[in-house]
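Participant: Supplied in C-alpha cells, the structure appears directly below.
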Amino acid sequence: MPALAPHIASVPASGIRRIHELASDLTGVIMLAVGEPDVAVAPHIAAAAKAAWDADETNYAPNGGIRALRSALVRSLAERNGLSVELEQVWVTVGATQALHQAMGLVLDAGDAVLVPDPGYTTFTMNARMLQADPVAYRLRVENDFLPDFDELERLVTPSTRAIIVNSPSNPLGVVFPEVVLRELLAFAKRHDLWVISDEVYERFVYGTEHVSVGSLDEDDRVLSVFSLSKTYAMTGVRVGYLVTPPGLTDVMRRVQEAAISCVSTPAQYAAIAAIDGPQDAVVAASEHYRGNVEAATALLDDRGFRYLVPSGAFYLWVDVSHASGGDVASWAERFLLDQRVAVAPGSAFGRTGEGWIRLCAAANREHLVEAITRLPAPRG
Ligand SMILES: Cc1ncc(COP(=O)(O)O)c(C=O)c1O
C-alpha cells in the first residue's frame, strides 16, 4: 500500500470509542458514555421524511439546502437566536460535524493555530489535525467556574492564531457561558482579529438560564455559527445541521459544499423542515426529562458526597472521581465498566484538564442513571 499523508497519523483517536467498544462486548451495561438522546423522534418529523420518500423526493438538492428549509432556518434563527440573516448565509450540512469541519476549513491554513476548549468536544481537535492546523487548548477549570480565563487566552495567542472555538452549552461540561463572557470573548477575538466558531448544538437545552448566540452579538462579521437538529429533535442519525456565515461568502460556500458533500440527503431535509416549523412540544418535553434526570442525579451525587458541576445546559454531568481514579481516569473507566457494568466517558478524552473527571450522559433512563451513580465509588466510603 502507498503511504498515507503523514498528518493523518496525528488525528487523535476518541477516548470514548474505546469504552464504547468494550461495552459492546458485554451484556447488561448501563450505557452513559455517549451523547445520544434517549427519546424518540416526534411522529410528524418521521412522517415528513416518509412522505418525501413516497413522493420520490430523492434527487440532488441545491448545495446550500432546499429553499424551504433555508427559509425555515432563517425564520427560526431570527425568532430563537436573535440572528438576522439572509438565506444565502445559511448552509444545510451533514450534521454539526460537517458544519464544524467546513467552518474550520474555511479559516485555517496548514500551520495555523486554533484555540479549542479543554475539556472540549473531541472533534474540535480532530478537525484541526485533519487540516494540519494546531489545536491549542484553553482551559475551563473548576477554579474558574469552568469559564475561560482571559489572562490565559491572552498568553496563548500567537501570530499564527486564526480562530477560537466556543461551545456553549458545552459538551462535556454542560456549562453555559453568560452573555457578559461571550461579549468578552468577542472583544478578545476582535483584539487579535480571530474568527469565532460557535458550536451551539445544545442551544435548546438550558436549565434556569438563557442561551445567547454569539452571532447575535457579532458586530464585525467574525462569527461562524454551527447548529444541529441532532440533539434538539432526537435525530442524530438523520444527519442535518447548518452553518451560518457572515454575508458575502455565497460563492465560496457553494464551491466548498459542492466539493465536500454536494448536498444533504433530500428526504432528511424534508424531515428537517417539519422539525423546525412544526410543533415544538417534543423539544420542551425532552428538556424537562433531561432536567428531571439532572435533578435526580445531582440529589444522589450530593447525598454521596461527590464534587460535580451543576449543569446549566446540554445533558451531561461532569463528576470528579479523582479520589478513585489514581491519575489515570481512562484506565479507571475501563475497570469500572468491567467491574460495575456502567459505561462512562473518561474526562481525559476531552483534554488534559478532564483528568480525574468523568462525563455521564443524563439523556438516559432515570432509573438507570440513578443506579449507575449508586455504583460509583463515593469519596467518603
Ligand atoms: C459539541 C458538539 N458539537 C457537535 C456535535 C456533532 O453533532 P451532529 O450530530 O450534528 O454532527 C456533537 C455531538 O455529540 C457535540 O457534542
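The values are calculated or read from the model by the stated rules, or taken from the named source; none is laboratory data. Remember, it's a predicted structure, so these values are computed and weren't measured experimentally. In this analysis, Cβ positions are derived from the backbone assuming ideal geometry, glycine residues included, and neighbour counts consider all displayed protein chains.
Participant: What's the total number of residues in the range 221-243 that are of a type in the set (D, E, K, R) and within 9 Å of the ligand (Cβ to nearest atom)?
Facilitator: Summing the residues that are of a type in the set (D, E, K, R) and within 9 Å of the ligand (Cβ to nearest atom) in the range 221-243 gives 2.
Residue-wise test of (1) in a loop (DSSP other than H, G, I, E, B); (2) away from the ligand (no atom under 11 Å from the Cβ).
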position: Leu100; (1), (2): no, no
position: Met104; (1), (2): no, yes
position: Asp109; (1), (2): yes, yes
position: Val116; (1), (2): no, yes
position: Phe124; (1), (2): no, no
position: Ala128; (1), (2): no, yes
position: Pro135; (1), (2): no, yes
position: Arg139; (1), (2): no, yes
position: Glu143; (1), (2): no, yes
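Participant: Out of Ala260, Ala187, I need the residue that is more than 30 Å from Cys361 (Cα to Cα), of a type in the set (Gly, Ala, Ser), assigned by TED's automatic domain parsing to the domain that holds Gly120 and away from the ligand (no atom under 16 Å from the Cβ). Which one?
Facilitator: So the residue among Ala260, Ala187 that is more than 30 Å from Cys361 (Cα to Cα), of a type in the set (Gly, Ala, Ser), assigned by TED's automatic domain parsing to the domain that holds Gly120 and away from the ligand (no atom under 16 Å from the Cβ) is Ala187.
Participant: What number of residues within the range 161-203 satisfy the criterion of being assigned to a strand (DSSP E or B) and either more than 21 Å from Val244 (Cβ to Cβ) or among the charged types (D, E, K, R) (or both)? Spell out how you get there, then give the answer.
Facilitator: Filtering the range 161-203 for residues assigned to a strand (DSSP E or B) gives 161-167, 195-199.
Applying the additional criterion that residues be either more than 21 Å from Val244 (Cβ to Cβ) or among the charged types (D, E, K, R) (or both) yields 161-162, 199.
Counting residues in the range 161-203 that are assigned to a strand (DSSP E or B) and either more than 21 Å from Val244 (Cβ to Cβ) or among the charged types (D, E, K, R) (or both) gives 3.
Participant: Between a first residue in the range 78-94 that is in the same structural domain as Thr245 (by TED's automatic domain parsing) and a second residue that is assigned to a strand (DSSP E or B) and of a type in the set (Val, Ile, Thr), which pairs have beta carbons less than 7 Å apart while being 6 or more apart in sequence or on different chains?
Facilitator: Final answer for the pair search is Leu83/Val244; Val85/Val244; Gln89/Val244; Val90/Val244.
Participant: Among the numbered criteria (1) closer than 23 Å to Ser265 by Cα; (2) in a helix (DSSP H, G or I); (3) β-branched (Val, Ile, Thr); (4) more than 14 Å from the ligand (Cβ to nearest atom), which single criterion is violated by Ile8?
Facilitator: Result: Ile8 fails condition (1) only.
Participant: For the range 210-231: of the residues being within 13 Å of Pro247 (Cβ to Cβ) and of a type in the set (Asp, Glu), which is nearest to the chain's Cα centre (by Cα)?
Facilitator: Asp218
Participant: Still on this structure, I have one more. Of the conditions (1) among the acidic types (Asp, Glu); (2) over 24 Å from the mean Cα position of the chain (by Cα); (3) closer than 16 Å to Tyr207 by Cα, Asp339 fails just one. Which one is it?
Facilitator: All conditions are met except number (3).
Participant: Follow-up. Taking the conditions exactly as written (farther than 23 Å from Asp221 by Cβ, of a type in the set (Gly, Ala, Ser) and surrounded by fewer than 24 Cβ atoms within 10 Å (Cβ to Cβ)), does Gly105 satisfy them or not? Give the steps one after another, and end with the answer.
Facilitator: Working: farther than 23 Å from Asp221 by Cβ: no; of a type in the set (Gly, Ala, Ser): yes; surrounded by fewer than 24 Cβ atoms within 10 Å (Cβ to Cβ): yes.
Criteria not met by Gly105.
Participant: Looking at (1) under 26 Å from Ile358 (Cβ atoms); (2) in a loop (DSSP other than H, G, I, E, B), which is the only condition Thr158 fails?
Facilitator: (1)
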